1. Pairs, please: C-beta under 7 Å, at least 6 apart or cross-chain, first residue in contact (Cβ under 8 Å) with a residue 12 or more places away in the chain and in region 8-19, second open to solvent by 80 Å² or more (accessible area, probe 1.4 Å)?
2. Quick one: what pairs do we get from region 74-92, first residue over 15 Å from Gln62 (Cβ atoms), second of a type in the set (Gly, Ala, Ser) and open to solvent by 30 Å² or more (accessible area, probe 1.4 Å), C-beta under 9 Å, 6+ apart or different chains?
3. Counting residues that are basic (Lys, Arg) and open to solvent by 70 Å² or more (accessible area, probe 1.4 Å), which strands (runs of 3 or more DSSP E) fully inside region 1-94 reach at least 2?
Amino acid sequence: MSAEDLENYETDMELQLYREYRDVVGLFSYVVETERRFYLANHVDLQARSADGEVYFDLTLQDAWVWDVYRSARFVKSVRVLTFKDVNVEELPRNEELAMPKDVDLGN
């Protein structure tokens with residue numbers, strides 16, 4: 001396999017992953033980013049903890065999807081992450097929050 005073949009394969013895998021993300025993002029309530037992974041989840045519990053003077057984050061996700069091109073099963077029931085790095089949790093807007101109000105006159 002040439003370097004070009006490998007690069008094309010990786011590009012195709014990333015495109016497939018993006019398409020899967022686009023198809024499933026509406027099923028989830030939160031986007032969670034850690035240093036190592038990107039997740040979609042429906043329940044997020046983030047606790048700041050300390051041990052020996054160091055602060056770390058204890059993150060538990062339920063009903064999650066993992067952005068990982070090399071993972072065959074991206075849907076997981078439960079995920080626990082312990083990290084000293086930043087964790088970003090963002091609530092996704094609901095589809096009804098993005099919809100146009102039905103009584104808006106658009107000049108038709």
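The values are calculated or read from the model by the stated rules, or taken from the named source; none is laboratory data. From a predicted model like this one, the values you see are computed outputs, not experimental measurements. Note that each Cβ is placed from the backbone with ideal geometry, even for glycine, and that neighbours are counted across all protein chains shown. These accessible areas exclude ligands, DNA and RNA; they are computed on the full protein's heavy atoms, side chains included. Shrake-Rupley method; radii C 1.70, N 1.55, O 1.52, S 1.80 Å.
1. Close Cβ pairs (under 7 Å, with a partner that is open to solvent by 80 Å² or more (accessible area, probe 1.4 Å)) amount to Leu17/Trp67.
2. Hits for this filter: Leu92/Gly26.
3. Strands (runs of 3 or more DSSP E) meeting the threshold: 75-83.
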